[in-house]
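Student: Have a look at the structure that comes next, please.
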Amino acid sequence: MLKTLNIKSRAKTEFIDITEEVKASVSKAGVASGVCYIYVPHTTAGITINEGADPSVKRDMLTFLNKAVPFEGDYHHMEGNSAAHIKSSLVGVSQSVIIDEGKPVLGTWQSIYFCEFDGPRHRRVVLKIV
Ligand code: ZN
């Protein structure tokens, strides 16, 4: 099963929790045991899995990334969004989650985040559930 999630980011850089959408898609797919691939078909966005309980964690990750890869720098890319391209490659554009007993296997504190690095924009996240 292939499923597309439509995401609307609201900030230049932002982590958006898509855990519930992924869980709902896995449930709808009716796969008892398998894998859910989560893929972002963009060059200035990413996907990561990390703590969802304390919002300070996503704030700290984003603050670190923005400090490590500043918006302005010795970049040659004419579009002016090299920082976003670099963050996309650092974070990566996909994750895979094991499905067991019809549910994604996530730790108690784990959430799945779409990572916006050049927003605000309309974005897509593609799920392949097998
Ligand atoms: Zn660019």
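The values are calculated or read from the model by the stated rules, or taken from the named source; none is laboratory data. Source: prediction; values computed, not measured. Counting neighbours? That spans all protein chains shown, and the Cβs are built from the backbone with ideal geometry, glycine included.
Student: How many residues, within region 85-101, are touching a residue at least 60 places away in the same chain (Cβ under 8 Å) and touching a Phe, Trp or Tyr at 6+ places or on another chain (Cβ under 7 Å)?
Tutor: Matching residues across region 85-101 total 2.
Student: Would a scan of region 87-95 turn up a residue that is basic (Lys, Arg) and touching a Gly at 6+ places or on another chain (Cβ under 8 Å)?
Tutor: Within region 87-95, one or more residues are basic (Lys, Arg) and touching a Gly at 6+ places or on another chain (Cβ under 8 Å).
Student: Right, next: Take the residues in region 32-66 that are of a type in the set (Gly, Ala, Ser) and under 29 Å from residue 101 (Cα atoms); name whichever of them is farthest from the ligand (Cβ to nearest atom). Let's see the steps before the verdict.
Tutor: Of the residues in region 32-66, the ones of a type in the set (Gly, Ala, Ser) are 32-34, 45-46, 52-53, 56.
Checking which are under 29 Å from residue 101 (Cα atoms) leaves us with 32-34, 46, 52-53.
Values: 32: 41, 33: 40, 34: 35, 46: 14, 52: 29, 53: 34 Å.
Going through the qualifying residues, I end up with 32.
Student: Further, regarding this structure: What do you reckon, is residue 44 β-branched (Val, Ile, Thr) and in contact with a strand residue (DSSP E or B) (Cβ under 9 Å, 6 or more places away or on another chain)?
Tutor: On the way: β-branched (Val, Ile, Thr): yes; in contact with a strand residue (DSSP E or B) (Cβ under 9 Å, 6 or more places away or on another chain): yes.
When the stated conditions are applied, residue 44 passes them.
Student: Just the residues that are outside any loop (DSSP other than H, G, I, E, B), touching a residue at least 60 places away in the same chain (Cβ under 8 Å) and among the β-branched types (Val, Ile, Thr), please, taken from region 39-66.
Tutor: Just the residues of region 39-66 that are outside any loop (DSSP other than H, G, I, E, B), to begin with: 39, 45-51, 55-66.
Checking the rest, the ones that are also touching a residue at least 60 places away in the same chain (Cβ under 8 Å) come to 39, 45-51.
Those that are outside any loop (DSSP other than H, G, I, E, B), touching a residue at least 60 places away in the same chain (Cβ under 8 Å) and among the β-branched types (Val, Ile, Thr): 47, 48, 49.
Student: Could you give me the residue pairs with C-beta distances under 6 Å whose first residue belongs to region 67-78 and is within 16 Å of residue 118 (Cα to Cα) and within 14 Å of the ligand (Cβ to nearest atom), whose second residue is at pLDDT 95 or above and not in a loop (DSSP other than H, G, I, E, B) wherever it lies, and which are 6+ apart or on separate chains?
Tutor: From region 67-78, the pairs are 69/83; 69/86; 69/87; 71/83; 75/82.
Student: Now, a different point. Considering only residues that are of a type in the set (Gly, Ala, Ser) and farther than 14 Å from residue 12 by Cα, look in region 35-71 and name the one that is nearest to the chain's Cα centre (by Cα).
Tutor: Out of the qualifying residues, it is 52.
Student: Just give me the residues in region 83-124 being in a strand (DSSP E or B), of a type in the set (A, V, I, L, M, F, W, C) and either within 20 Å of residue 68 (Cα to Cα) or out of contact with any helix residue (DSSP H, G or I) (no Cβ under 8 Å at 6 or more places or on another chain) (or both), in sequence order.
Tutor: Listed by number, the residues that qualify are 98, 114, 115.
Student: Could I ask something else about it? Condition (residue is under 27 Å from residue 129 (Cβ atoms), within 16 Å of the ligand (Cβ to nearest atom) and surrounded by fewer than 17 Cβ atoms within 10 Å (Cβ to Cβ)) applied to region 105-116: is it met by at least one residue?
Tutor: The answer is no; no qualifying residue exists.
Student: Considering only residues that are hydroxyl-bearing (Ser, Thr, Tyr) and surrounded by fewer than 17 Cβ atoms within 10 Å (Cβ to Cβ), look in region 22-38 and name the one that is farthest from residue 79 (Cα to Cα).
Tutor: Residue satisfying both the conditions and the ranking: 33.
Student: For residue 90, work out the one condition from (1) surrounded by 15 or more Cβ atoms within 10 Å (Cβ to Cβ); (2) within 14 Å of the chain's Cα centre (by Cα); (3) within 16 Å of the ligand (Cβ to nearest atom) it doesn't fulfil.
Tutor: (1)
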